2 protein chains.
Amino acid sequence: MSVQQRRERERAERHRLIVDAARELAESEGWGAVTTRRLSERVACSQPVLYSHFTGKEAIVTAVAADGIGELTVALRTARTGAACPAEALTALAVTYLAFARAHPALYEAMFVRRTSLEFATENSPEVLKAAFAEFLHTVGPLTGGRDPATLAELVWSALHGLATLDGTDRLRPDLAEDRLELLVDAVVSGGV
Amino acid sequence: MSVQQRRERERAERHRLIVDAARELAESEGWGAVTTRRLSERVACSQPVLYSHFTGKEAIVTAVAADGIGELTVALRTARTGAACPAEALTALAVTYLAFARAHPALYEAMFVRRTSLEFATENSPEVLKAAFAEFLHTVGPLTGGRDPATLAELVWSALHGLATLDGTDRLRPDLAEDRLELLVDAVVSGGV
DNA sequence: ACGAGAACGCTAGCACCGCTAGACAAGAGA
DNA sequence: TCTCTTGTCTAGCGGTGCTAGCGTTCTCGT
């Protein structure tokens, strides 16, 4: 069994290598630069090998997206749990979310802009997605004031997503970034009183 | 001069034809199906002709986006001015915006998701962009309650954009769509009191 | 009326894309 | 040692955005 185990481990390593290469290439040159030829070159194998790991290019993007969502979840949890009160927790979550999107634009694009095969917002959603959304639920929970938590969480997420994407494509005034964030937090908090 | 005028008119007609063909193709089969070969086929000319009208494919997408933003502006103005009070105007604007995005997903993508050469949120922005943003400004104006109108307008737009895109890519619960909208309007209105 | 020249659109082709068929080599088990 | 499985490679398909260079057509001065 030692041989087979080694094979599996090497396969897993290469799997990891492909996903990381795709992510790095996307982060440095955009998803347009992520081609199967360049990927296979970076992983030091031929193109068909990629297709023995993934059904196609979209599946690779999906793998990158899942990784990113896991990392975002960790960042959001750290920010949220370090706050002194619910309103501060919401601010910390929002700041962290927007900072993540700004720091990793291509990763963010894979996570929430490009179409992937990740199933969102259903019972069958992958755990990593449920965990990410749970961060929003936990954050808005104390601030609902009679409003439905799931709806409020989706609204907050949507607002942050809109801010992140419009700002990331230079469609908003950069000088108002902080004010927009403050206004958002205030609107959510005051609406729950 | 009649000849030259006829030439210019025919050129303008073909320009219009290209933009319309791109839009129709995108709406029916997505932007992935919009290729220069298929476009030139629809317009009954060769590929190089496209490049005598536009610098490249991105310029065609930009032209489609500008058209769409103009149409959205008209729809928003109609909705806003037909409302009885500021809060109702905001609701009407939001409903109309989301309905537009849902009815024309590819057009919306060109307008606010894909990178185009349209310059947003600056003094040099095209008039069509200023007019669109003015609809948001006019709508939130009576609801600011001391808040900065431009910041609030950008926030409302961002929230609607987030809702439109996340909903349009099946990342939100469809059954909560109406509740999200109601919550958004309430948060904006109550935050201004 | 006619030839020169410009304006314009065409064919053909470049380098690249995602993806796959089929040849080939290396290793496991009898 | 021979066979067979497993895995990878080369080569290629039909497509992409875009362009060089040729040919036609049409305008205008003589």
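Only the Cβ atoms of Lys and Arg (+1) and of Asp and Glu (-1) were treated as charged; on that basis the dipole of the range A:64-191 about its Cα centre amounts to roughly 100 debye.
Using a 1.4 angstrom probe on heavy atoms only, work out the carbon and sulfur share of the accessible area of the range B:1-53 in %.
Carbon-and-sulfur percentage of accessible area, whole number: 48.
Sorted shortest first, the separations between the B:ARG38 label point and its copies elsewhere in the assembly read 2.5 nm; each point sits 7 Å from Cα along the Cα-to-Cβ line. Largest to smallest in accessible area, the residues A:ARG7, B:ARG77, A:ARG23, A:ARG180 fall in the order A:ARG7, B:ARG77, A:ARG23, A:ARG180 (1.4 Å probe, all protein chains included). Working note: Karplus 6.51/-1.76/1.60 with θ = phi - 60° gives the range A:74-91 the couplings 4, 4, 5, 5, 4, 5, 5, 6, x, 8, 8, 8, x, 5, 5, 4, 5, 4 Hz, where Gly and Pro are set to x.
What is the sum of charges around A:ALA150, taking Lys and Arg as +1, Asp and Glu as -1, for the other residues whose C-beta is under 15 Å from the C-beta of A:ALA150?
After counting each charged neighbour, the total is -4.
Counted by Cβ distance under 14 Å from A:PHE54, the other residues give a net charge of +2, where Lys and Arg count +1 and Asp and Glu count -1.
Think of each Lys and Arg Cβ as +1 and each Asp and Glu Cβ as -1; about the Cα centre, that makes the dipole of the protein assembly as shown roughly 1380 debye. One Cα centroid belongs to the range B:149-193, the other to the range A:130-193; the line between them spans 9 Å. Take the Cβ atoms of A:ARG9 and A:SER125, set R0 to 25 Å, and the FRET efficiency comes out at 0.30. Per residue of B:164-176, count partner chain C-beta atoms within 10 Å of its C-beta, then hand back the mean as an integer. Going residue by residue through B:164-176 and averaging, the value is 6.
Report summary: the helix-based calculation at 222 nm, which adds -39500 (n - 2.57) for every DSSP H run with n ≥ 4 and divides by the residues of chain B, gives -24500 deg cm²/dmol. Calculated accessible area for the range B:1-53 comes out at 67 Å² per residue, all protein chains present (probe 1.4 Å; ligands, DNA, RNA ignored). Other residues with beta-carbon under 15 Å from the beta-carbon of A:VAL43 carry, at +1 per Lys or Arg and -1 per Asp or Glu, a net charge of +3.
Placing a pseudo-label 7 Å from each Cα along the Cα-to-Cβ vector at B:ALA99 and B:THR35 gives an inter-label distance of 3.8 nm. Each label point was placed 7 Å from the Cα along the Cα-to-Cβ direction; for B:ARG173 and A:THR169 their separation is 2.8 nm. A:ALA177 label point (Cα plus 7 Å toward Cβ) to equivalent points in the other copies: 3.3 nm, shortest first. Partner shielding of B:112-121 amounts to 4, given as the average count of beta-carbon atoms from other chains within 10 Å of each residue beta-carbon.
Rounded to the nearest 10 degrees, the inclination of helix B:127-140 to the longest alpha-carbon principal axis of chain B is 10 degrees. Which of the listed residues, A:LEU181, A:GLY30, A:GLY146, is farthest toward the dipole's positive end in chain A, when Lys, Arg count +1 and Asp, Glu count -1 at the beta-carbon? My answer, from the dipole projection, is A:GLY30. With the simple spin-label model, which puts each label point 7 Å out from Cα in the Cβ direction, the B:ARG115 to B:CYS85 separation comes to 4.6 nm. The 3J(HN,Hα) values that the Karplus relation (6.51, -1.76, 1.60; θ = phi - 60°) gives for the range A:26-35 are, in residue order, 5, 5, 8, 10, x, 5, x, 8, 8, 10 Hz. Gly and Pro appear as x. Each of A:GLU127, B:GLU182 has its accessible area taken with a 1.4 Å probe; listed largest first, they run A:GLU127, B:GLU182. Here the relative contact order of the range A:70-190, from alpha carbon pairs under 8 Å that lie six or more residues apart, stands at 31 percent. Would you mind telling me which residue in A:GLY32, A:GLY145, A:GLY56 has the biggest mean-square fluctuation in a Gaussian network model of chain A, where springs connect alpha carbons within a distance under 10 angstrom? Highest fluctuation of the listed residues: A:GLY32.
The alpha carbon radius of gyration of the protein assembly as shown, expressed as a multiple of 2.2 N^0.38 Å, is 1.09. Leaving ligands and nucleic acids aside, the A/B contact buries around 3200 square angstrom of accessible area in total at a 1.4 Å probe radius.
For chain B, the Cα gyration tensor yields ellipsoid semi-axes of 36, 19, 13 Å (square root of five times each eigenvalue, largest first, whole Å).
Looking down the axis that turns chain A into chain B, the chain A residue with its beta carbon nearest that axis, and the gap rounded to whole angstrom, comes out as A:GLY162, 2. Remark: the range A:126-193 carries 38 Å² of accessible area per residue (probe radius 1.4 Å; ligands, DNA and RNA excluded). Straight-distance candidates among the aspartates and glutamates for linking to B:LYS57, with alpha-carbon spacing under 17 Å and chain neighbours fewer than 8 residues away dropped: B:ASP20, B:GLU24, B:GLU27, B:GLU29, B:GLU41, B:ASP67, B:GLU109. Across the alpha-carbon set of the range A:26-117, the Rg to Rh ratio works out to 1.12, Rh being the Kirkwood radius.
The values are calculated or read from the model by the stated rules, or taken from the named source; none is laboratory data. These figures come from a predicted structure and were not determined experimentally. Backbone-built Cβ (ideal geometry, glycine too); neighbour counts: all protein chains shown. Please note that ligands, DNA and RNA were not included when accessible areas were found on the heavy atoms of the full protein model with its side chains. Shrake-Rupley method; radii C 1.70, N 1.55, O 1.52, S 1.80 Å.
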